[in-house]
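Enquirer: Sharing a structure with you now.
The values are calculated or read from the model by the stated rules, or taken from the named source; none is laboratory data. Values in this document were obtained by computation on a predicted structure and should not be read as measured data. Reconstructed Cβ throughout: ideal geometry from the backbone, glycine too, with neighbour counts over all protein chains shown.
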Amino acid sequence: MEYRILGRTGLRVSAVALGCEGFIHKTPEEVCADFDFAIGHGINFVDIYSPNPELRTNIGAALEGRRGDFVIQGHLCTTWENGQYLRTRDPEKTLASFDLQLQQLRTDCLDIGMIHYVDAEADFHRVFGGEIIRIAQRLREEGRIRHIGISSHNPAVARMAVETGLVDVLMFSVNPCYDLQPAGDDVDALWAEESYAGALRNIDPDRERLYELCERTGVGIDAMKVYGGGDLLNAENSPFGKAMTPVQCIEYALTRPGVASVMVGCRTQDEIRAALDWCGASPAERDYASAMAGMERFTWEGHCMYCGHCAPCTAGIDIAAVNKFHNLAVAQGEIPETVREHYAALTHHASECIGCGACETRCPFGVEIVASMRRAAERFGY
């Protein structure tokens with residue numbers, strides 16, 4: 001298992017993590033067996049958005065005696081009423097559900113208290129201008145949550161939340177189809193057939209700016225919806241008309257700036273194993289570019305996707321990393337100290353490019369890599 005630091009939280013999390021959907025309607029024994037399997041393969045991170053009392057109780061039992069070895073991301077503003085999950089912004093219901101969550105999970109704190117599902121701008125102002133954010137801050141001061149997070153599908157609203165400086169973690173939907181779509185507060189539109197009826201080109205600028213902002217400011221991203229609800233794994237259901245593998249979907253998400261971990265909803269141990277296959281996958285198996293290139297209506301032409309297809313560089317340059325650091329500096333308008341340090345730590349730098357163009361013959365997206373290396377060398381000075 002690969003472990004990454006979740007932004008400025010300092011939390012060390014497994015790159016492949018567990019969503020909670022797959023544990024609903026299972027017996028305590030089944031949930032415990034699934035967690036045993038996941039933990040045995042190095043997973044140490046779980047997201048629990050659902051307030052389902054049976055689910056929370058079963059997960060709490062599964063983690064008893066090993067809570068300290070696991071990072072729990074629980075959600076604020078979810079409540080269980082009349083046998084179903086509801087999102088709430090009611091302060092009393094939020095606190096009551098939170099207290100019950102700690103009790104059911106058999107813990108005295110959450111590592112991440114995730115303010116649940118903020119997609120609309122009006123809701124953002126309600127949350128961050130009202131009692132909900134104050135509740136989250138108070139819980140953090142009391143040591144009942146360690147870090148504040150927010151979950152969203154809307155890059156514009158997520159960016160607003162990050163820019164407040166109040167959140168350390170963003171749970172965001174990341175996959176190559178969603179990344180083509182513009183910002184909006186209708187999550188259903190992300191997968192609506194009409195959203196993919198016309199030609200689409202390159203990652204939406206709002207999404208790209210969000211990823212780069214999180215990378216620069218140390219807000220860790222854990223990605224959800226990496227399979228697009230499973231549709232990306234099926235050629236008939238995918239807007240691309242071709243299937244991606246779980247490994248390709250996970251690799252795509254983990255190569256976005258700021259992303260530390262992916263939350264995979266798995267119903268069976270076979271599905272957990274399919275996600276874990278990413279850990280030992282070869283570069284060819286992780287290669288998502290092969291599934292994205294050559295499409296008629298969808299194109300990423302001229303845009304570096306950090307896929308690594310350009311490797312190996314004749315001069316040994318990590319071209320994807322150089323492009324990523326250069327893009328971060330361009331987006332900021334200056335070179336942030338952390339970006340400068342990461343660039344300096346590279347074994348080879350943009351100025352070492354000999355202009356042979358071998359990389360460009362391998363790039364599936366037609367990026368003018370020699371020119372991009374020249375621009376990076378000019379910006380960083382070497």
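Enquirer: Of these, GLU341, GLU360, which one is in a helix (DSSP H, G or I), of a type in the set (Asp, Glu) and within 28 Å of the chain's Cα centre (by Cα)? Write out each step before concluding.
Expert: On the way: GLU360 fails: within 28 Å of the chain's Cα centre (by Cα).
Result of the check over GLU341, GLU360: GLU341.
Enquirer: Here is a list of conditions, (1) under 23 Å from GLY230 (Cα atoms); (2) at pLDDT below 95, and ARG66 meets all of them except one; can you say which number that is?
Expert: ARG66 satisfies every listed condition except (1).
Enquirer: Limited to segment 234-259, what total is found for residues that are at pLDDT 90 or above, of a type outside the set (S, T, N, Q) and in contact with a helix residue (DSSP H, G or I) (Cβ under 7 Å, 6 or more places away or on another chain)? Spell out the reasoning first.
Expert: First, the residues of segment 234-259 that are at pLDDT 90 or above: 244-259.
Those left that are additionally of a type outside the set (S, T, N, Q): 244, 246-247, 249-254, 256-259.
Subset that is in contact with a helix residue (DSSP H, G or I) (Cβ under 7 Å, 6 or more places away or on another chain): 244, 246-247, 249-251, 256-259.
Number satisfying all stated conditions: 10.
Enquirer: Now for a separate question. Give segment 108-124 a look and list any residue that's closer than 14 Å to LEU139 by Cα and either in contact with an Asp or Glu (Cβ under 6 Å, 6 or more places away or on another chain) or not acidic (Asp, Glu) (or both), or say none. Give the steps one after another, and end with the answer.
Expert: Going residue by residue through segment 108-124, those that are closer than 14 Å to LEU139 by Cα are 108-115.
Matches in segment 108-124: CYS109, LEU110, ILE112, GLY113, MET114, ILE115.
Enquirer: Of the conditions (1) part of a strand (DSSP E or B); (2) over 21 Å from GLN103 (Cβ atoms), ASP47 satisfies every one except a single condition; which number is it?
Expert: Only one criterion is unmet by ASP47, namely (2).
Enquirer: Look through segment 219-267, keep the residues that are over 11 Å from the mean Cα position of the chain (by Cα) and on the phi > 0 side of the Ramachandran plot, and return whichever of them is surrounded by the most Cβ atoms within 10 Å (Cβ to Cβ).
Expert: Only one residue fits best here, namely GLY228.
Enquirer: Please tell me if ASP108 is of a type in the set (Asp, Glu), more than 30 Å from GLU131 (Cα to Cα) and either touching a Lys or Arg at 6+ places or on another chain (Cβ under 9 Å) or assigned to a loop (DSSP other than H, G, I, E, B) (or both).
Expert: Considered against the rule, which asks whether it is of a type in the set (Asp, Glu), more than 30 Å from GLU131 (Cα to Cα) and either touching a Lys or Arg at 6+ places or on another chain (Cβ under 9 Å) or assigned to a loop (DSSP other than H, G, I, E, B) (or both), ASP108 comes out as no.
Enquirer: Give all pairs with beta carbons closer than 9 Å in which a residue from segment 77-90 that is more than 10 Å from PRO51 (Cα to Cα) and at pLDDT 90 or above meets a residue that is surrounded by 14 or more Cβ atoms within 10 Å (Cβ to Cβ) and of a type in the set (Gly, Ala, Ser); count only pairs at least 6 apart in sequence or on separate chains.
Expert: THR88/SER97
Enquirer: Tell me, which helices (runs of 4 or more DSSP H) lie completely within segment 188-286 with 3 or more residues that are closer than 24 Å to VAL322 by Cβ, among the hydrophobic types (A, V, I, L, M, F, W, C) and touching a residue at least 24 places away in the same chain (Cβ under 8 Å)?
Expert: 205-217, 246-254
Enquirer: Hey, any hits in segment 133-143 for a residue that's among the charged types (D, E, K, R), closer than 30 Å to ILE39 by Cβ and modelled with pLDDT of 95 or more?
Expert: Checked segment 133-143: at least one residue is among the charged types (D, E, K, R), closer than 30 Å to ILE39 by Cβ and modelled with pLDDT of 95 or more.
Enquirer: Being in a helix (DSSP H, G or I) and in contact (Cβ under 8 Å) with a residue 24 or more places away in the chain narrows it down to one residue among GLY74, GLY60, GLY68; which is it?
Expert: Details: GLY74 fails: in a helix (DSSP H, G or I); GLY68 fails: in contact (Cβ under 8 Å) with a residue 24 or more places away in the chain.
Only one candidate passes the filter, namely GLY60.
Enquirer: Restricting to segment 24-42, and then to whatever is part of a helix (DSSP H, G or I) and of a type in the set (Gly, Ala, Ser), can you tell me which residue is farthest from the chain's Cα centre (by Cα)?
Expert: Looking at residues that are part of a helix (DSSP H, G or I) and of a type in the set (Gly, Ala, Ser), I get ALA33.
Enquirer: Does PHE70 meet the test of being touching a strand residue (DSSP E or B) at 6+ places or on another chain (Cβ under 6 Å) and assigned by TED's automatic domain parsing to the domain that holds THR268?
Expert: no
Enquirer: I'm trying to understand the selection: among the residues of segment 94-141, which are touching a helix residue (DSSP H, G or I) at 6+ places or on another chain (Cβ under 6 Å) and farther than 23 Å from HIS153 by Cβ?
Expert: GLN104, LEU105, ARG106, THR107, GLU131
Enquirer: On the given criteria, is GLY308 outside the structural domain of THR217 (by TED's automatic domain parsing) and surrounded by fewer than 16 Cβ atoms within 10 Å (Cβ to Cβ)?
Expert: No.
Enquirer: Output the residue which, of all residues in segment 44-95 that are among the small types (Gly, Ala, Ser) and surrounded by 18 or more Cβ atoms within 10 Å (Cβ to Cβ), is farthest from ARG138 (Cα to Cα).
Expert: Within segment 44-95, the first condition is being among the small types (Gly, Ala, Ser), and the residues that meet it are 50, 60-62, 65, 68, 74, 83.
Narrowing further to those that are surrounded by 18 or more Cβ atoms within 10 Å (Cβ to Cβ): 50, 60, 62, 74.
Details: SER50: 22, GLY60: 24, ALA62: 29, GLY74: 16 Å.
Step by step, filter segment 44-95, then rank; the result is ALA62.
Enquirer: When LEU95 is evaluated against the numbered criteria (1) under 23 Å from ILE135 (Cβ atoms); (2) out of contact with any Ser or Thr (no Cβ under 9 Å at 6 or more places or on another chain); (3) not in a helix (DSSP H, G or I); (4) not charged (D, E, K, R), which criterion, by number, is the only one it fails?
Expert: For LEU95, the failing item is (3).
Enquirer: Ok, one more. Does ALA320 meet the test of being touching a residue at least 40 places away in the same chain (Cβ under 8 Å), in contact with a Lys or Arg (Cβ under 8 Å, 6 or more places away or on another chain), under 27 Å from THR245 (Cβ atoms) and outside any loop (DSSP other than H, G, I, E, B)?
Expert: no
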